[in-house]
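Since the structure comes first, as structure tokens, the remarks are kept for the end.
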Amino acid sequence: MRDLNVAIVGATGAVGTELISLLKERSFPVKSLKLLASSRSAGKQMDTPMGTLTVEEATPDSFKDVDIAFFSAGGSVSKELAPSAVKSGALVIDNTSAFRLDPDVPLVVPEANAEAARNHRGLIANPNCSTIVMVVAIKPIYDRAGIRRIVVSTYQAVSGIGTKGLIALEEESRRYLSGQQVEPAVFPYTSAAVHHQIAFNLVPHIDVFDEMGYTKEEWKMVKETKKILGDPDIAVTATTVRVPVFRCHSESINIETRTKLTASEAREILSRAKGVTVIDDPSAGAYPMPTLGTGKDDVLVGRIREDNSIEKGLNLWVVGDQIRKGAALNAIQIAEYVVAEDLL
Ligand SMILES: NC(=O)c1ccc[n+]([C@@H]2O[C@H](COP(=O)([O-])OP(=O)(O)OC[C@H]3O[C@@H](n4cnc5c(N)ncnc54)[C@H](OP(=O)(O)O)[C@@H]3O)[C@@H](O)[C@H]2O)c1
């Protein structure tokens, strides 16, 4: 396998820095690494496992000779620059929502639908972080028993909006605990008309609301799950909530299967599933939590119970590191698949 010229757009961000360390950690075949960000960070030196590198401003001309470009700088940057990268001959793996629902763009979670990457036309989309965490956990159940309906509620970490979310939680907490006035300016998102404190609070508002009262984040979980599973009939409803946790999204997932699955059967299937670690011994205080999921590749699944309110129901509690498996790791696993299958 030849070594590749790799570019990361958004290299200075939460996902970008995770991508840089994962390239080394997973021995991805890197010949050269180009760090791209906005003009604000151009010229900045970054210590990387590949040595100290200088950040360059991302422009349409940044992609000459680049084999794989990971994009994690927001949807508008992807819309503006990804077509130039593709035109230059790079394969783009995009972490933003820009192209996820485009019928010509594969939307891939390698544990669920790696094969979809075969149809790429220069661009592969990484799903939303909450969707990835959920799909890794439910796919083994889907394959065994079918799924008619999913009801999911999320508990999403502040780093889901990047570095600024981490800083906001830290600063608000410090001010709150020292008796100072908290001045929220970041959540639910920076351009929102009204901001709410996230420290010691929960905010049931991630991304913008539509006329039905659902948020865009909730619709992402619905639409992306259907696309990844290739099942337009699966019923999904979501409530997404921001919580004062630095890292790792948690999800309460209620599933109605097509054929009956007992809790012990589900536990058995999940304990053999790729990308899943079962932690499910409640009497010993063992269940997934963000502190356990942080830095882990696997999605953690526990509290596996039958839902006795319906005939074929299961409840799961799922935790996943949304910067790692929910973004950077999933993108690198897609790249690894593409390289291994000679799809570049
Ligand atoms: N955080 C997560 O858990 C997560 C999970 C899944 C997907 N994502 C997606 O990944 C993307 C990045 O998220 P993040 O959390 O890493 O955000 P972040 O920490 O705020 O980082 C944003 C990155 O984008 C760069 N950037 C901003 N404007 C740019 C421009 N005009 N041109 C080039 N680069 C620009 C920033 O560079 P500067 O240093 O120059 O500002 C920075 O490197 C978003 O689309 C997000 O939705 C995030």
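Figures for the structure shown
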{"quantity": "Hits in the range 155-175 - residues which are part of a strand (DSSP E or B) and either within 12 Å of the ligand (Cβ to nearest atom) or of a type in the set (Lys, Arg) (or both)", "calculated": "Gln156"}
{"quantity": "Candidate set: the range 83-106, residues that are within 16 Å of the ligand (Cβ to nearest atom) and surrounded by 24 or more Cβ atoms within 10 Å (Cβ to Cβ); chosen: the one nearest to Glu18 (Cα to Cα)", "calculated": "Asn95"}
{"quantity": "Cross-chain or 6+ apart pairs with Cβ under 6 Å, the range 3-28 first and touching a residue at least 24 places away in the same chain (Cβ under 8 Å) and on the phi > 0 side of the Ramachandran plot, then in a loop (DSSP other than H, G, I, E, B) and within 16 Å of the ligand (Cβ to nearest atom)", "calculated": "Gly10/Ser72; Gly10/Ala73"}
{"quantity": "Ser39 touching a residue at least 40 places away in the same chain (Cβ under 8 Å), over 23 Å from Pro127 (Cα atoms) and either surrounded by fewer than 22 Cβ atoms within 10 Å (Cβ to Cβ) or not assigned by TED's automatic domain parsing to the domain that holds Thr163 (or both)", "calculated": "no"}
{"quantity": "Any chance Leu316 is in contact with a Leu (Cβ under 7 Å, 6 or more places away or on another chain), more than 15 Å from the ligand (Cβ to nearest atom) and of a type outside the set (Gly, Ala, Ser)", "calculated": "no"}
{"quantity": "Residue in the range 135-149 that is within 13 Å of the ligand (Cβ to nearest atom), surrounded by 24 or more Cβ atoms within 10 Å (Cβ to Cβ) and assigned to a helix (DSSP H, G or I) present", "calculated": "no"}
{"quantity": "The range 108-134: number of residues that are more than 13 Å from Tyr337 (Cα to Cα) and buried (at least 24 other Cβ atoms within 10 Å of the Cβ)", "calculated": "10"}
{"quantity": "Output for the range 217-243, where each listed residue is without any contact (Cβ under 8 Å) to a residue 60 or more places away in the chain and not in a loop (DSSP other than H, G, I, E, B)", "calculated": "Glu218, Trp219, Val222, Lys226"}
{"quantity": "Where Leu166 falls short, out of the listed (1) surrounded by 21 or more Cβ atoms within 10 Å (Cβ to Cβ); (2) among the hydrophobic types (A, V, I, L, M, F, W, C); (3) under 17 Å from the mean Cα position of the chain (by Cα)", "calculated": "(1)"}
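The values are calculated or read from the model by the stated rules, or taken from the named source; none is laboratory data. These numbers come from a predicted model, not from an experiment. Cβ atoms come from the backbone with ideal geometry, glycine included; neighbour counts cover every protein chain shown.
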